[in-house]
Every structure is written in structure tokens, then in C-alpha cells.
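Here, each number is a calculation from the coordinates, and none is a lab measurement. Quick caveat: nothing in here was measured; it's all calculated off a predicted structure. Cβ atoms come from the backbone with ideal geometry, glycine included; neighbour counts cover every protein chain shown.
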Amino acid sequence: MAVAEVGGMLASAVLKVATQKLGAAIAGRVMLQWNFDKDLEGMKATLESVDAVLRDAERRSIRDAAVRLWLRRLKDAAYDISDMLDDLENITSKSDAGKLGCVMIPNLTIAHKITLANKMKTISDELKEITNQHLSFRFTEDSSYKEHRVTDKRETSSKVEEALVVGRTAEKRIIISSLSKRMTEETVILPIYGIGGIGKTTLAKLVFNASNFRDYSKVWIYVSQTFDLNKISNSIISQVSESESQLTEREMINRRLDELLSGRKILIVLDDLWERDQFQLDDLKTMLKVGRGSRVIAIVTTRDKDIAEKICTTEPYKLEPLTDDMCWKIIKEKSVFEARDDKEQLENIGREIASKCGGVALAAKSLGYTLQPMKFDEWVSVRNNDIWKASTFECTSLPYHNVLASL
């Protein structure tokens, strides 16, 4: 068997082990106390996207030295991820662990956190380079991967039941008013930014479905941590033309966009943008300016103020937390509070719980579902639990339903 073939098979095996370990770490919520869960999910998504083209890469590595070098870098990165997760497991097993139900919160030092953060940054940068290089090789995606691809569980769509949304009416009016003043401009990019779970996507949905844009072609794109400009562009083409597009060459993509969007008014939502690289963001802005005589309005949601400021053409909108009363209203609705026999005794306790949500809609929603089957003393336990002191309960770091279910 050729050396290149052996190298390709080894890369595939190591990649599989690293992906499985990442999945286990994410499922076990090992890193949540360190706010690294999103980094792990990003790594896992990158490895899965690379895995889709690995078979073609292994075939080409037999004759192409550059591809062999790429496979070696990929294998080394997968080893680094595996070693990093092993190190984490060793650290946590030696630490004095505090236990909250089924959720372990390790007593870890700042030094450990800094060391791991540096390792993760180095690996993430290397994975990004590897991903960019694999795009330049133009590997062919394995058809069996397409058939078994799992949809990102965080993927969003434009559908919303406005009657069920608590708050955000004033914010919707502000956004629409701001956009209405700029409808004659060729390209308007308005970012909405704020912490995770606060309601950015919901606000974007409210604006997207507003009657003010009834004569616009509409496109909703879930961007995610894995930024892929070709995928974004093809999604615009597919949704506007109502015919699936899988163009791979940037020139052909831009020509098709020019042809399709020319003279159109179009509203685009780019939900959950994580990309920080200015060159990538500039390419995205340039792509949104195609189409002679077109009028493009783009709403971008992101957690990062810096990203919002880099991508915008008009002042970004910072989404503020909900009021305690609004959080309480969400909790009441999701816990079916009005149907309880003990609702009068629980009213003040529930309001205290709501005040600790930090104005985060997702926290209130998750709490509501969690509290629904609970009895009076369990509501008291949730209110009194020390988890509130251990964290701001921001949903970027802690899965509410997992933590609260153990109270």
C-alpha cells in the first residue's frame, strides 16, 4: 500500500477520534464553567466539514505532495485537540469538584483557564488555516456525507408567532424606523448585537416579517461560527430564485447575484455572525453590493460589538435586557402558572426568580419550562440556589435547562 494512502487513512482515523471526543465533551458539558462550549462546537463543526471531503483528499494525496502536507497538518491538529481534551480531563479529575445535581462545576484555577484558552486559540487558528487551504484545493464532498449530514441544532428560520413574543415592540419600531430612512440607499447593513439568548434573533424575525417589507424579496440565512461566503451567496441565490444553487467559483457566484438581484429590493437577515476577520467581512459587504439598481437591506445579528462595528453601514443597534416584569411574564406563560392552585403563594417567589434572569429571554423561557412540574418547595429551592452567585447565568456559558433540572 502506498505511503500516501496510509497517511490518508491515519488522518481519517485520528480525525474520527478527535471528533468523537469533542462530541463527548460538548454532550457532557465539561467546559461550560469556562465558557468554552462554543469553541468546542466550532472545532467540531470544522472537523465535520473537513471530514466531508476527506475521501477525495486521500485519493489526491497519492500524486499531490501539497495535499499530503495538508493531510499531515490536519492529522497533527486532530492530535492536538485530542491531547487538549485529555489534559482537561486530567485537570478536572484531580480538582476538587463541586457538584450541582448531575452537572459538575470543577474548582479550577485561573492559570488552568489561561493555559487552556491559549491552547484553544492556537488550535482554532490552525484549524482556520487548514479549512481555508482545503477550500483552495476544491475537494469534492463525499455524497454519502450529504445524505447523513446532521443539521446544526442552533439553526434558525424566519418563522415567528408574534403574539407569543414578550416585549421588543419598541425595539422593532426603532429598527424599522431606522431602515425606512435609508430605503433609497443601495446597501444598508444594520447589525443587532447583544449577549446570547437576549432576543436578537427574535427581534430580527419581527422586523423580517413586518408589513413594511412586503414588496421586498426576502432571504434568511443562519451563518453560524463556520463562516462560508460561498454558502451564504448560494443561499441568497437559492432563496431568491427558488432553485437550489451550488456554485463553487466566486466569479460565477457574483455574476449570478448581479443577474438575479438587478433592479430588486431585497431584505436579507444574516443571523448569528461570528466571523471577526476584517478581510472576510469586507468580502461579505462587497458581495451584498452586487446587482445594478438593486436596493439591499441586510440585518445582521451577532454577540460581538466589534463585529457589529466592522460590518455596519449604519449605527449598530445594541439590544438591551428585558425588564424583570417581562421575564416574569415569560416564566408564567411557560410554566402554565395561572393553572396552578398555589399561584398566590408562588407569585413573589416567581418574581424573585425572574429578577435573577438578567433580562435574558432564553433564561426566562428555560426557567419557565423547568419550573412547570415543580412543587412549592422546589420553586423555593430554585430561588435560593447558589448557582445564581456562581454565574450571571448568561446563556452563552450555561445551559439553563441542564442546570435547573438538577436543582
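General remarks:
- Which listed pairs, of K44/K285; K75/K231; K205/K365; K159/K356; K200/K365, have C-alpha distances above 20 Å, in listed order: K44/K285; K75/K231; K159/K356
- Among M252, M43, M287, M84, the order by Cβ neighbours within 10 angstrom, fewest to most, reads M252, M287, M84, M43.
- Tensor-based shape of the range 334-380 (alpha-carbon gyration tensor, a/c under 1.5 rounded, otherwise prolate or oblate): prolate
- In plain terms, the chain from R255 to R214 could stretch by 12.1 nm, reckoned as 0.36 nm per residue minus the Cα-Cα distance.
- Structural descriptor for the range 208-349: relative contact order 22 percent, calculated from alpha carbon pairs under 8 angstrom and at least 6 residues apart.
- Among W220, W328, sorting on how many other beta-carbon atoms sit within 10 Å of each Cβ, with the fewest leading, yields W220, W328.
- The distance linking the range 172-249 with the range 319-336 is 27 Å (Cα centroid to Cα centroid, whole angstrom).
- A simple spin-label model places pseudo-atoms 7 Å from Cα toward Cβ; at Q246 and D282 they are separated by 3.3 nm.
- P(r) tail for the range 162-318: Cα pairs beyond 25 Å make up 25% of the total.
- Gained length - D125 relative to E155, 0.36 nm times residue gap less alpha-carbon distance: 8.4 nm
- Annotation: the residues D64, D39, sorted from fewest to most other C-beta atoms within 10 Å of their own C-beta, follow the order D64, D39.
- Per-pair calculated FRET efficiency, R0 = 35 Å: A163 and S262 via Cβ, rounded to 0.05: 0.40
- Put a dot 7 Å past the Cα of W274, heading toward its Cβ, do the same for D341, and the two dots end up 4.8 nm apart.
- Cβ charges +1 (Lys, Arg) and -1 (Asp, Glu), total dipole of the range 269-321, debye: 320 debye
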